[in-house]
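The values are calculated or read from the model by the stated rules, or taken from the named source; none is laboratory data. This one's a predicted model, so the numbers in the text were calculated from it and none came from an experiment. Neighbour counts run over all protein chains shown; Cβ positions are idealised from the backbone, glycine included. Please note that ligands, DNA and RNA were not included when accessible areas were found on the heavy atoms of the full protein model with its side chains. Shrake-Rupley method; radii C 1.70, N 1.55, O 1.52, S 1.80 Å.
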Amino acid sequence: MADRRPVGFFDSGVGGLTVLRETLRRLPAESTIYLGDNERTPYGPRPDAEVVGFAIECVDHLVRRDVKAVVVACNTASAVALGELRRRYDVPIVGVVRPGATAAALSTRNRRVGVIATQATVRSRAYFTAIKDENPFIEVYEHATPELVPLVEAGLLAGPEVEAAVARSVRPLLGGPEPLTDAVFPIRAGEGIDTLLLGCTHYPLLQETIVSVAGPAVAVIDSATATASTLASLIEIHGLGSDATSPRHLQLTTGDVAAFRRTAGLLFGDLFPSVEPVVITPVGGREGS
Ligand code: DGL
């Protein structure tokens, strides 16, 4: 029997809309509820325990709205909180790390993959572990690039400021003169990566600039398409598919609705018009919307 309940998504802000966009393409009959925790963005510089707490509050809220599955459309929350979320909830939950890691492992030919992500994601080593699970012979270079999320949240996707920030973030992985200082293993000169994984759901919005800095020899991969495919499999496995001809899509933000609308409009045109405010109170407290 068809299940028309929505799929729930959450991220610290607008970045997870990149995953939602791919899901709408891949699963056009599914209704969705997207929760952007813009009030508390960014998650990346925060301690793990705080990110886990925020992730639980977001999923609590989605579950109360009777979602049939949850997509953690945030690498930071996927990297540090996915295990705890799956322990707490019976609803099926998909993260973005494993699908992106698989796609990157399949893409590389020289077995050198770079990952750019938030500090918390890099600290977790979740990508390192997931890519090594796919192919232990791949060298994984993880690089924390905290400058990029605030640019996207501000709707800044191009121009000299963005180009400079992207260059600082990506060049250390290319095997050129700038050394990669925060990697466990350094990249040897002339032995740069051939695959760059965008380990943050905000980064695909900077794809054009990232591709131009990385150059034609580097494949730039993100988790969005692979995550939408994983969600499709999950829905099939659980027999949760919808047969709706006019699915509904609702976006909630803990931050400023006008700012969310403006940024989502700049980034995605009129794809996400139904934005409403939501208040999330700490776990165990009362919440309203
Ligand atoms: N978009 C998120 C991620 O994929 C969060 C970025 C942040 O809040 O720091 O990691």
Going residue by residue through segment 58-67, the Karplus relation 6.51 cos²θ - 1.76 cosθ + 1.60 with θ = phi - 60° gives ³J(HN,Hα) values, rounded to whole Hz and with x marking Gly or Pro, of 5, 5, 3, 5, 5, 5, 5, 8, 6, 6
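Please give the calculated 222 nm ellipticity per residue for the chain, where each DSSP H segment of at least 4 residues contributes -39500 (n - 2.57) and the sum is spread over every residue; nearest 500 deg cm²/dmol? All intermediate terms of the calculation are to be shown ahead of the outcome.
Values: 11 runs with 118 residues, N = 289.
Per the formula, -12500 deg cm²/dmol.
Efficiency by 1/(1 + (r/R0)^6): what FRET value for A259 and V283, r their Cβ-Cβ distance, R0 = 22 Å, to the nearest 0.05? If you can, show how the numbers build up before the last one.
Details: r = 26 Å, r/R0 = 1.18.
Calculated transfer efficiency: 0.25.
Roll a 1.4 Å probe over the protein chains and send me the accessible area per residue for the chain in Å². Before the final figure, lay out each step's value.
Values: 12350 Å² over 289 residues.
Each residue of the chain exposes 43 Å² on average to a 1.4 Å probe.
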Among beta bridges assigned by DSSP with both residues in the chain, the antiparallel ones amount in percent, to the nearest 5, to 5
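For every other residue with a beta carbon closer than 11 angstrom to the beta carbon of E191, add +1 if it is Lys or Arg and -1 if Asp or Glu, then tell me the sum.
Working: positive: R111, R112, R188; negative: E139, D194.
Cβ neighbours under 11 Å give a net charge of +1.
Using a Förster distance of 51 Å, how high is the FRET efficiency between D270 and R125, based on the Cβ-Cβ distance and rounded to 0.05?
Values: r = 39 Å, r/R0 = 0.77.
The pair D270/R125 has a calculated efficiency of 0.85.
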Residues whose built amide H sits under 5 Å from the amide H of V220, excluding neighbours closer than 5 in sequence, are L196
Descending accessible area (1.4 Å probe), largest on the left, turns D37, D243 into D243, D37
Taking protein heavy atoms only, a 1.4 Å probe, and rounding to whole percent, the accessible area of segment 33-158 owed to carbon and sulfur comes out at 52
Phi angles of segment 86-95, converted by Karplus (6.51 cos²θ - 1.76 cosθ + 1.60, θ = phi - 60°) into ³J(HN,Hα) in whole Hz with x for Gly and Pro, give 5, 6, 7, 10, 7, 5, x, 10, 10, x
Given backbone amide H placed at 1.01 Å from N, residues whose amide H is under 5 Å from that of H249, ignoring those fewer than 5 places away on the same chain, are T32
For F137 and D48, extending 7 Å from Cα along the Cα-Cβ vector and measuring point to point gives, in nm, a value of 3.1
For segment 113-119, in residue order, the Karplus 3J(HN,Hα) values (coefficients 6.51, -1.76, 1.60; θ = phi - 60°; whole Hz; Gly and Pro = x) are 10, x, 10, 9, 6, 6, 4
